[in-house]
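Structure record follows, encoded as structure tokens.
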Amino acid sequence: MRAAFAALILLALAACAPMGEGPRTGPSVDTAACTANGGRVKPICRMQKPACIFDYADAGKACTDSSQCSGRCVIEDEMPEVGAKAIGVCEADNDVCGCSTEVIDGKATAGRCVD
């Protein structure tokens, strides 16, 4: 019984071990190139992996299609029905984390959550 319990604990601990490249083991973001191009390096998403983030000048502008924005036209933190008539706003930056629904041709697309 103890051997089975020990094996179960080892499997649970192995499942918690980081997989692949993380912020401490993976390739780093070129901070100098990022800042030279107007970006800032910040940890994003649950893994807190460093990324070069750029703010968009048209952030918050009302839109009905991503072609009207530097980034995407989105509805944040809501997931309207796919195909529903929608008005969004130009996203603030290129940080992909969080939940949003892209607006294309005045209609909501399938929402997505990235973490």
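Under the condition of being among the charged types (D, E, K, R) and at pLDDT below 50, which residue from the stretch 9-62 is farthest from residue 100 (Cα to Cα)? Outline the logic, then answer.
Initially, the stretch 9-62 is screened for residues among the charged types (D, E, K, R), giving 21, 24, 30, 40, 42, 46, 49, 55, 58, 61.
Those left that are additionally at pLDDT below 50: 21, 24.
Working: 21: 26, 24: 28 Å.
By that ranking, first place goes to 24.
Residues in the stretch 69-115 that are hydrophobic (A, V, I, L, M, F, W, C) and touching a residue at least 40 places away in the same chain (Cβ under 8 Å) were compared, and the one that is farthest from residue 39 (Cα to Cα) is 103.
What number of residues in the stretch 41-67 are assigned to a loop (DSSP other than H, G, I, E, B) and exposed (fewer than 14 other Cβ atoms within 10 Å of the Cβ)?
5
Residues in the stretch 32-46 that are among the aliphatic types (A, V, I, L, M) and more than 13 Å from residue 94 (Cβ to Cβ): 3 in all.
Look at residue 38 and say whether it is closer than 21 Å to residue 113 by Cα and in a loop (DSSP other than H, G, I, E, B).
Values: closer than 21 Å to residue 113 by Cα: no; in a loop (DSSP other than H, G, I, E, B): yes.
No.
Answer yes or no as to whether residue 103 is β-branched (Val, Ile, Thr) and part of a loop (DSSP other than H, G, I, E, B). Spelling it out, it is not the case that residue 103 is β-branched (Val, Ile, Thr) and part of a loop (DSSP other than H, G, I, E, B).
The values are calculated or read from the model by the stated rules, or taken from the named source; none is laboratory data. None of the values given here were measured: they were computed from a predicted structure. Glycine gets a Cβ as well: all are built from the backbone with ideal geometry, and neighbour counts include every protein chain shown.
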